[in-house]
Amino acid sequence: MKGLFKSKPRTPADIVRQTRDLLVYAQRAPDSRESKREEKMSELCKNIRELKSILYGNSESEPVSEACAQLTQEFFKENTLRLLITCLPKLNLEARKDATQVVANLQRQQVQSKLIACDYLVANIDLMDILIQGYGNTDMALHYGAMLRECIRHQSVARYVLESQHMKKFFDYIQLPNFDIAADAAATFKELLTRHKSTVADFLSKNYDWFFAEYNSKLLESSNYITRRQAVKLLGDILLDRSNSAVMTRYVSSRDNLRILMNLLRESSKSIQIEAFHVFKLFAANQNKPADIVSILVANRSKLLRLFADFKIDKEDEQFEADKAQVVREIAAMEPKDS
């Protein structure tokens, strides 16, 4: 007889709807019947795992695009994403990891050639505030950070974060004492400043003064070696990007910036020296150097030439040697400008 009453297999949309109901339940005040709550939370965790296996496939099968599209469409129909983000602290560690992977995957899922996650996020942009502030919560930081990096794949979402007051907080998050959280914040910061070229160029030109004042004092002059190393490498990536040429010209016309880079060139760490060189060469190559930049380079000419004479990298690199020779020629031929 049992066979006659087999329940119909759940569709991906059914699983999303049930997950949404369970998330609404999880958000409510704790149930007086502890056993019932445990049962519901266990069911919720199973559902999130099931959503993950539809989106990613499992050891037996690849993901099916029709099932993924159904799941995605139902997920963004209502506030499932908001519920999942706000209920994340109530889930156990495994379910948090699964939920993070579900949110990450949904950012890339297309329904009728459209990234519907992007439209949802733009309409619910305050969710970015929750994700960013997650860096202040040790238990949530890595989950929310991973979700955030996937969400800023959408240019309009990245623009919101760049233009928000949250950008200033990243300078502190990158220096948090918890190494994993600081590294995660640094990865998000890098993604924000390198992924969407035109948006980044616009942000840097409008926010040049405060941004580089913070960047120099909190990151390039940090007492933490890893912070300095990552910051000088990222600075090179930003300034050497063609879309930031106006920002680069402005940066290499500042004597304060030059002083910081010359200090980084004298570091005992080879990797910091090399990354600093890639930025320093832009000061030397600038054909319209302000007089105060020229006078600093001329005053330090013999020290710089001695430094570059001993400046070697471990593996042979023709481009590096050519750049170094060019910098040496520029500095050797430099004449002081009349004030």
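The values are calculated or read from the model by the stated rules, or taken from the named source; none is laboratory data. No experiment lies behind these values; they were computed from the predicted model shown. FYI the Cβ positions are ideal-geometry reconstructions off the backbone, even for glycines, and counts take in every protein chain you see. For accessibility, only protein heavy atoms count, side chains too; no ligands or nucleic acids. Shrake-Rupley method; radii C 1.70, N 1.55, O 1.52, S 1.80 Å.
In a reduced charge model with +1 at each Lys and Arg Cβ and -1 at each Asp and Glu Cβ, region 96-234 shows a dipole moment near 440 debye about its Cα centre.
Normalising the average separation of contacting C-alpha pairs (under 8 angstrom, six or more residues apart) by the number of residues puts the relative contact order of region 190-339 at 20 percent.
Report the Rg/Rh value for region 1-143, based on alpha-carbon coordinates and the Kirkwood definition of Rh.
Values: Rg = 16.0 Å, Rh = 16.2 Å.
That ratio is 0.99, to two decimals.
For the peptides 121-131, 185-195, the ranking by packing is 185-195, 121-131, with the highest mean count of neighbouring Cβ atoms within 10 Å listed first.
Counting only other residues whose beta carbon sits under 12 Å from that of Asn47, what net charge do I get with K and R as +1, D and E as -1? Net charge around Asn47: +2.
Find how much the distance from Ala69 to Ala123 grows on full extension, using 0.36 nm per residue of separation minus their present alpha carbon separation; answer in nm with one decimal. If you can, show how the numbers build up before the last one.
Values: separation 54, 0.36 × 54 = 19.44 nm, distance 2.03 nm.
Stretched fully, the Ala69-Ala123 segment lengthens by 17.4 nm.
In straight-distance terms, cross-link reach from Lys281 covers every one of the aspartates and glutamates whose alpha-carbon lies under 13 Å from its own, apart from those fewer than eight places away in the same chain; here that gives Glu321, Asp323, Glu330.
Spin-label model, Thr138/Arg10: points 7 Å from Cα along the beta carbon direction are separated by 3.5 nm. In the chain, Cα pairs under 8 Å separated by at least six residues give a relative contact order of 9 percent. Per-residue 3J(HN,Hα) values for region 84-95, derived from phi via the Karplus relation 6.51 cos²θ - 1.76 cosθ + 1.60 with θ = phi - 60°, read 5, 5, 6, 8, 3, x, 7, 8, 7, 4, 4, 5 Hz in sequence order (x marks Gly and Pro). Residues whose amide H falls under 5 Å from that of Val111, counting only those 5 or more places apart or on a different chain, are Ile116, with hydrogens built in the peptide plane.
Extension gain Arg108-Ala332, at 0.36 nm per residue separation less the Cα-Cα distance, in nm?
Numbers: separation 224, 0.36 × 224 = 80.64 nm, distance 5.25 nm.
That pair, Arg108 and Ala332, stretches by 75.4 nm at full extension.
For the chain, the mean residue ellipticity at 222 nm estimated from helices alone is -21000 deg cm²/dmol, where every DSSP H run of n ≥ 4 contributes -39500 (n - 2.57) and the total is divided by all residues, rounded to the nearest 500. Think of a 1.4 Å ball rolled over the protein heavy atoms: the chain then has 52 Å² of accessible area per residue. Considering only Leu44, Ser164, Leu204, the residue lying farthest towards the positive end of the dipole of the chain is Leu44, judged by Cα position with unit charges set on Cβ. Which lysines have a Cα less than 24 Å from the Cα of Lys169, not counting those fewer than 8 places away in the same chain? By straight Cα distance, Lys169 reaches Lys190, Lys197, Lys206, Lys218, Lys233. Contact order for region 9-165, expressed relative to its length and based on alpha carbon pairs under 8 Å spaced 6+ residues apart, stands at 21 percent. Each Lys and Arg Cβ is given +1 and each Asp and Glu Cβ -1; about its Cα centre, region 284-324 then shows a dipole of about 320 debye. Residue separation of Asp317 and Asn207 scaled by 0.36 nm, minus their Cα-Cα distance, works out to 36.0 nm of gained length. Amide H contacts of Glu267: none lie under 5 Å away among residues 5 or more positions distant or on a separate chain (H built 1.01 Å from N in the peptide plane; Pro and chain starts excluded). If I model the chain as equal point scatterers sitting on the Cα atoms and use the Debye formula, what is log10 I(q)/I(0) at q = 0.07, 0.10, 0.14 Å⁻¹? Calculated log10 I(q)/I(0) at the listed q: -0.42, -0.72, -1.09. Taking other residues whose beta carbon is less than 13 angstrom from the beta carbon of Lys206, and scoring Lys, Arg as +1 and Asp, Glu as -1, yields -1. Neighbours of Asp317, meaning other residues whose beta-carbon lies under 15 angstrom from its beta-carbon, give a summed charge of -1 when Lys and Arg score +1 and Asp and Glu score -1.
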